[in-house]
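Below: the structure, in structure tokens.
Only the coordinates and a few stated rules stand behind these numbers; no lab work does. Predicted model, so just to flag it, every value in this text is computed and none were measured. Glycine also receives a Cβ, built like all others from the backbone with ideal geometry; neighbour counts cover every protein chain displayed.
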Amino acid sequence: MAQAFFGGVHPNDRKAATRAKAIEPLPAPAEVVIPMSMHIGAPCKPLVAKGDQVKLGQRIGEPGGFVSAPIHASVSGTVTAVEPRPSSMGGTVLSVVIANDFQNTLSDEIRPVADPDSLTAEELTEIVKNAGIVGQGGATFPTHVKISSAMGKADYIIINAAECEPYITGDHRTMLERPEQVIKGAMLLAKCFGVDKVYLGIEANKQDAADVLNAQIAALNAPVVVEVLHTRYPQGAEKQLCQAVSGRQVPSGKLPADAGCCIFNLNTTCAIYRAVYEGMPVVSKIVTVSGSGVIEPKNLECPIGTPVANLFDACGGLREDTYKLIMGGPMMGLAQYTADVPVGKGTGCMLAFAGDEERYEPEPQCIRCGKCVGVCPIRLEPVFMYKYLAKGDWENFRDRLHGMDCIECGACTYICPARLPLTHAFRMGKQQVNNARMAAIALAEAEKAQEAKKEA
Ligand code: SF4
Ligand code: SF4
């Protein structure tokens, strides 16, 4: 068994509802709404306009900068609008709306690589970039940027198959049903980084998937090692996985690459396989639809841009007393006010909750039990971070308590008996710190411009 990381919690994994449910293709909707920002970094610029005909896999969004990723049509049909539409992140985002012609006419841009074994690292990175691959576990960081920035630094490549959030089973089903994609994707990464082995970290509650992968590794004689890890949340967080698999600790404020590790989500690895062996960019997503409000929980594969409401409909609909929708897992996901938002590249789960599951406390009071400190995997002090933020003192939150290191895993909120909204407060606090930083940069630039004007 691999190393353990500090802290963490053991929530009921609630995976039984979908663990045995094979991935079902969802019939493509009549209309897809494709946001021009589904990744960390600059949004894309639309390459199409209302009235244009588009083909499946055609590039419709041009990256807005180096840290960005192109976006492709997930169905063939006619562009009916390029306009702001509701976003799962709140507010609206510029989106391309396509009326599906149900012909699935493939773009000429779809070209599998003739000889994948001959690819150089640079060629693979370019394919990853052109396929619009981003971290599929929800991080949505452009994968070609991750590869480029870790090249020459990382000698330990890890596939993240922990899937530690409760309810979610999409990666588990992918390993059981598509092991060849996983292992061949990992082999491409091994060659790209020039390493002898790629490690795949998987929690012990998915031993059946570990067995299937090991059989595939043997069949392909692949340089991949499956590491079975403790089942403990947040095992799939990058720094925790890095420590658990490699034994290396990522310093505060640094990235896994600074410890010589580079980590790829399991479905990102499959996306790399599809880009190389099938020539296919990211146009679909596997989504676990679950929670007490869902009539028949399932694992569905749908085109990017499918309205979330269609996923719930395919699961028999929602219970009448559904009171909450969450995109993502229950620990780190984002509450949604509507089911009209589309599935994006980072959407791995949609949850609906009904009945009396809500545990809201209108005026929570800390009882100083210290449990939040004991579970924080980053060894932070959530109770004091919260107190500083409650006073609006984000400077001490940032400087004395290292609040910017918080990975927003939700473990402290989960364990808190007083039900303080700790993680929510930290998310807001980090946003405040970032806003202040941006404001200071803008002010400095304005002053510099003013000085230059005076001198001229
Ligand atoms: S949300 Fe932040 S403070 Fe709370 S346990 Fe996770 S890393 Fe620690
Ligand atoms: S777990 Fe909650 S109640 Fe206990 S010390 Fe932390 S914030 Fe206070």
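Restricting to bridges with both residues inside region 1-147, how much of the DSSP beta-bridge set is antiparallel, in percent to the nearest 5? So the antiparallel bridges amount to about 95 percent of the total. The antiparallel fraction among DSSP beta bridges confined to region 116-277 stands at about 5%. Calculated mean residue ellipticity at 222 nm for the chain: -9500 deg cm²/dmol, from DSSP H runs with n ≥ 4 weighted as -39500 (n - 2.57), summed, divided by the residue count and rounded to 500.
For THR231 and LYS324, the difference between the fully extended length at 0.36 nm per residue and the C-alpha to C-alpha distance is 30.8 nm.
Counted by Cβ distance under 15 Å from ALA114, the other residues give a net charge of -3, where Lys and Arg count +1 and Asp and Glu count -1.
Here the spin labels are modelled as points 7 Å beyond Cα on the Cα-Cβ line, and at PHE66 and ASP356 they lie 5.7 nm apart. Placing a pseudo-label 7 Å from each Cα along the Cα-to-Cβ vector at ALA439 and LYS391 gives an inter-label distance of 2.0 nm. Take every DSSP beta bridge whose two residues both sit in the chain; close to 60 percent of them are antiparallel.
Near SER87, the amide H atoms lying under 5 Å from its own belong to THR92, VAL93; only residues 5 or more places off or on other chains count, and H is placed 1.01 Å from N. Using the Cβ-Cβ distance between GLN207 and ASP108 with R0 = 45 Å, the FRET efficiency computed as 1/(1 + (r/R0)^6) comes to roughly 0.55. Equivalent-ellipsoid semi-axes for region 117-219 (Cα gyration tensor, √(5λ), whole Å, largest first): 24, 16, 12. The Cβ shell under 13 Å around LEU255 holds other residues with a net charge of +2, Lys and Arg each +1, Asp and Glu each -1.
Each residue of region 236-241 was assigned a 3J(HN,Hα) from its phi angle through the Karplus expression (A = 6.51, B = -1.76, C = 1.60, θ = phi - 60°), giving x, 5, 4, 5, 6, 5 Hz with x at Gly and Pro.
Protection proxy ranking for 121-133, 228-240, using the average of other Cβ atoms within 10 Å per residue and placing the highest first: 228-240, 121-133. For the peptides 422-432, 139-149, the ranking by packing is 139-149, 422-432, with the highest mean count of neighbouring Cβ atoms within 10 Å listed first. Sites listed here are trypsin sites (Lys or Arg not before Pro) in region 1-103 whose DSSP assignment is loop and whose Cβ has at most 14 other Cβ atoms within 10 Å: LYS50.
Taking amide H as placed 1.01 Å from N in the peptide plane, GLU227 has its amide H under 5 Å from the amide H of LEU200, GLY201, ILE202, each at least 5 places away in sequence or on another chain. Kirkwood hydrodynamic radius computed over region 264-356 comes to 13.7 Å, based on all pairs of distinct alpha carbons. Note on region 42-199: Lys pairs 8 or more places apart or on different chains, Cα atoms under 16 Å apart, count 6.
Calculate, in whole percent, how much of the Cα-Cα pair population of region 155-274 lies beyond 18 Å. For region 155-274, the share of Cα pairs beyond 18 Å comes to 46 percent. Quick check: from the Cα gyration tensor, does the chain come out rounded (a/c under 1.5), prolate or oblate? Verdict is rounded for the chain. Summarising the label geometry, the points placed 7 Å from Cα in the beta-carbon direction at ALA449 and GLN249 lie 4.5 nm from one another. Note on the chain: dipole from Cβ charges, positive end direction compared against ILE367, LEU106, ALA237; the farthest Cα belongs to ILE367. Couplings 3J(HN,Hα) of region 194-202, computed from phi: x, 9, 6, 9, 10, 9, 10, x, 9 Hz, in residue order, whole Hz [Karplus 6.51 cos²θ - 1.76 cosθ + 1.60, θ = phi - 60°; x for Gly and Pro]. Relative to the Cα centre, the charge distribution of the chain, modelled as +1 at Lys and Arg Cβ and -1 at Asp and Glu Cβ, gives a dipole magnitude of about 900 debye. Whose amide H sits under 5 Å from the amide H of GLU31, counting only residues 5 or more places off or on another chain, with H placed in the peptide plane? Here the answer is ASN100, since their amide H atoms fall under 5 Å of that of GLU31.
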